[in-house]
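As structure tokens, the structure follows; a few thoughts come after it.
The numbers here are math on the coordinates, done by the rules we state, and not lab data. None of these values were measured; they are calculated from a predicted model. Ideal geometry is used to build each Cβ from the backbone, glycine not excepted, and the neighbour counts take in all protein chains shown.
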Amino acid sequence: MKFSTAILGSAFVASALAAPLTEKRAARHAARSAAKRQSNPPFKPGTTEALHLSNTSEVEYSSNWAGAVLIGTGYTAVTAEFTVPTPSVPSGGSSREQYCASAWVGIDGDTCDTAILQTGVDFCIEGSTTSFDAWYEWYPDYSYDFDLTVSAGDVIKVTVDATSKTAGTATVDNVTTGKSVTHTFSGGVDGDLCEYNAEWIVEDFEEDDSLVPFADFGTVTFSSASATDGSSSVGPEDSTIIDIESGNSVLTSVSVTDSTVVVKYV
């Protein structure tokens, strides 16, 4: 009987400890939904004017995108894996403010400005508290959370697949935990894809019509990065690189190979 009581007591304590964490996560999701979190096309530095890549420059600068963008026609799928970083407050930042960044893959959003099919993971820090959210979006609609637990250090595989210019899927696989979630878009979306771009991006995303304070995310390495172009699989080696510029400072450094996109916070 004593043994059983101990087990029940331990279970009660565990439940009591878990409940506040569950409530905090629910509150964070509610606040995120109310805040209308959204990814955007790349902006010209210091503006909210869309940056359209020319495909003639090896490096461009944006207020909100860092990563690699392929420019062409017929891109119908994009995928990659990355390890979720532990974000930190940037140098000179306040421990009382929340800082975030987001890693994602997508189709369109640059030379096509009518839609982006994308999926990824947000990572945020406020004081010593970090939080992580997996999401999907068909821009210009807002993003929506997946019901998937994500932690720093987890290996995540992200994939978008367009079955037409108004339909497709967004999938996030937590390789570490073995859990996977998919959202299917079956038409009725706000904008048509052009299938002109494939991208691997770390973004300073938007909440309530302004960019969130940008977190120091260390390094995000998109590995096994590929896109489907017609019937062929292509890597990011011929991408245009985008770095984030804020004021007079360049905040990121991006490099690519035939299968990786490395985005560093500098």
Cα gyration tensor of the range 184-266, axes a ≥ b ≥ c as square roots of the eigenvalues: rounded (a/c below 1.5), prolate (a/b > b/c) or oblate?
oblate
With a ≥ b ≥ c the root eigenvalues of the C-alpha gyration tensor of the range 74-144, is it rounded (a/c under 1.5), prolate (a/b larger than b/c) or oblate?
prolate
With contacts defined as alpha carbon pairs under 8 Å and 6 or more residues apart, what's the relative contact order of the chain in percent?
27 percent
Quick one: Cα centre-to-centre distance for the range 209-247 and the range 249-264, in angstrom?
7 Å
Per residue, the convex hull enclosing the Cα atoms of the range 36-265 spans a volume in Å³ of 109 Å³
Between the alpha-carbon centers of the range 126-197 and the range 39-67, tell me the distance in whole angstrom.
22 Å
Where the only charges are on Cβ atoms (+1 Lys, Arg; -1 Asp, Glu), what is the dipole of the chain about its Cα centre, to the nearest 20 debye?
1280 debye
Test of understanding: in a Gaussian network model of the chain with alpha carbons linked when under 10 Å, which of Val220, Val69, Val212 would top the mean-square fluctuation ranking?
Val212
Name the residues whose placed amide hydrogens come within less than 5 Å of the amide hydrogen of Thr176, ignoring near sequence neighbours (fewer than 5 apart) on the same chain.
Val155
